[in-house]
Amino acid sequence: MEKINTNLGNKFKLKAAFEGKKSVLSDPEEACQLKQIHSNIIYEIHSSQDLAQVRGKEGDGLLSYLPNRPLLIKTADCVPILLAHPQGIIGALHAGWRGSSQQILSLALKKIEALSLDLKEVKLWIGPAIAFSCYEVGEEVAKHFPEAVFGPCLRPAKSPGKYYLGLQEANYYLALKAGVPKSNLYLSPHCTFCEPQDYYSYRWAKQNHKEETARNHSWIVFN
Ligand SMILES: [Zn+2]
């Protein structure tokens, strides 16, 4: 569990957390969440009506201008990304390899930029996910992560045709490239696969023949 409590500019207070098996969000059902489908679809929430309409839709990203309304993303190895702009905008993204390769993060940042807001002021937190050295993929996944776009997020693994893929690193690189300063970027040191006592991990459960459908909750809210 990683908790974030900080001021969001001069006007707002921000609260967020990457939760594992310990949960503190009192009522996750109250939070705005989507039916996640490994896409790069992002919804923008400007009003309570938007919120009601967006809830439960298929997609993987939320940007909201509403205070006191938490956004929630669920993951188990995929990368949860939380972000905020001091003008009172928060975002939550689900970025597995499909969403990352479709640059859901770059799209979210473009939407913020389109509001004439400076990405230098964006704060961005990349949460616990399966780490670089634990996430082996084949050529069919690796080919979607060219270094020119995603930075050095691939390393050859021992078996031929296999690679280690750093999804957190790929997203970190996308954020830097978009103009979010390094000093505003947080990268979680926790690996969901290596820390099954604290986090839900899809790959760990599969490897250990465990039925596991629970997910880590990542949420963000401001007031
Ligand atoms: Zn690991």
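Computed from the coordinates by the stated procedures, all read-outs in this text should not be read as laboratory data. Values in this document were obtained by computation on a predicted structure and should not be read as measured data. Using ideal geometry, Cβ is built from the backbone for each residue, glycine included, and neighbour counts are taken over all protein chains shown.
So, SER133, is that one part of a loop (DSSP other than H, G, I, E, B) and either within 16 Å of the ligand (Cβ to nearest atom) or surrounded by fewer than 17 Cβ atoms within 10 Å (Cβ to Cβ) (or both) or not?
Spelling it out, it is not the case that SER133 is part of a loop (DSSP other than H, G, I, E, B) and either within 16 Å of the ligand (Cβ to nearest atom) or surrounded by fewer than 17 Cβ atoms within 10 Å (Cβ to Cβ) (or both).
Which of the residues that make up the range 119-130 are under 27 Å from GLY88 (Cα atoms), within 16 Å of the ligand (Cβ to nearest atom) and assigned to a loop (DSSP other than H, G, I, E, B)?
Answer for the range 119-130, where residues must be under 27 Å from GLY88 (Cα atoms), within 16 Å of the ligand (Cβ to nearest atom) and assigned to a loop (DSSP other than H, G, I, E, B): GLY127, PRO128.
Need the failing condition index for GLY179 against (1) among the small types (Gly, Ala, Ser); (2) on the phi < 0 side of the Ramachandran plot; (3) surrounded by fewer than 21 Cβ atoms within 10 Å (Cβ to Cβ), just the number.
(2)
Looking at the range 58-75, is at least one residue within 16 Å of the ligand (Cβ to nearest atom), under 12 Å from ASN171 (Cβ atoms) and out of contact with any helix residue (DSSP H, G or I) (no Cβ under 7 Å at 6 or more places or on another chain)? Working first, answer last.
Within the range 58-75, the first condition is being within 16 Å of the ligand (Cβ to nearest atom), and the residues that meet it are 75.
Among the residues that remain, those that are also under 12 Å from ASN171 (Cβ atoms) are: none.
Within the range 58-75, not a single residue is within 16 Å of the ligand (Cβ to nearest atom), under 12 Å from ASN171 (Cβ atoms) and out of contact with any helix residue (DSSP H, G or I) (no Cβ under 7 Å at 6 or more places or on another chain).
Hey, VAL221 hits all of (1) within 17 Å of the chain's Cα centre (by Cα); (2) outside any loop (DSSP other than H, G, I, E, B); (3) within 16 Å of the ligand (Cβ to nearest atom) but one; which does it fall short on?
Among (1) within 17 Å of the chain's Cα centre (by Cα); (2) outside any loop (DSSP other than H, G, I, E, B); (3) within 16 Å of the ligand (Cβ to nearest atom), VAL221 violates only (3).
Kindly evaluate TYR173 against the criterion of being part of a strand (DSSP E or B) and free of Cβ contacts under 8 Å to residues at least 60 places away in the same chain.
When the stated conditions are applied, TYR173 does not pass them.
Are any of the residues in the range 193-213 assigned to a strand (DSSP E or B), in contact with a Phe, Trp or Tyr (Cβ under 9 Å, 6 or more places away or on another chain) and of a type in the set (Phe, Trp, Tyr)?
Scanning the range 193-213, I find no residue that is assigned to a strand (DSSP E or B), in contact with a Phe, Trp or Tyr (Cβ under 9 Å, 6 or more places away or on another chain) and of a type in the set (Phe, Trp, Tyr), so the answer is no.
How about the range 193-218: which of its residues are surrounded by 17 or more Cβ atoms within 10 Å (Cβ to Cβ), away from the ligand (no atom under 16 Å from the Cβ) and of a type outside the set (Ser, Thr, Tyr)?
ARG215, HIS217
How about the range 136-150: which of its residues are in contact with a helix residue (DSSP H, G or I) (Cβ under 9 Å, 6 or more places away or on another chain) and within 16 Å of the ligand (Cβ to nearest atom)?
VAL137
Could you tell me which of the residues SER39, SER23, SER116, SER100 is of a type in the set (Gly, Ala, Ser), in a loop (DSSP other than H, G, I, E, B) and under 13 Å from the mean Cα position of the chain (by Cα)?
Checking each option against the conditions leaves just SER39.
Within the range 73-83, is there a residue that is under 19 Å from TYR200 (Cβ atoms), in contact with a Pro (Cβ under 6 Å, 6 or more places away or on another chain), of a type in the set (A, V, I, L, M, F, W, C) and not in a loop (DSSP other than H, G, I, E, B)?
Looking through the range 73-83, at least one residue is under 19 Å from TYR200 (Cβ atoms), in contact with a Pro (Cβ under 6 Å, 6 or more places away or on another chain), of a type in the set (A, V, I, L, M, F, W, C) and not in a loop (DSSP other than H, G, I, E, B).
Test CYS153 against the stated conditions and say whether it is crowded, with 24+ Cβ neighbours inside 10 Å, without any contact (Cβ under 8 Å) to a residue 60 or more places away in the chain and within 16 Å of the ligand (Cβ to nearest atom).
Numbers: crowded, with 24+ Cβ neighbours inside 10 Å: yes; without any contact (Cβ under 8 Å) to a residue 60 or more places away in the chain: yes; within 16 Å of the ligand (Cβ to nearest atom): yes.
Yes: the conditions hold for CYS153.
Within the range 176-192, restricting attention to residues that are outside any helix (DSSP H, G or I) and touching a strand residue (DSSP E or B) at 6+ places or on another chain (Cβ under 7 Å), which residue is nearest to the ligand (Cβ to nearest atom)?
THR192
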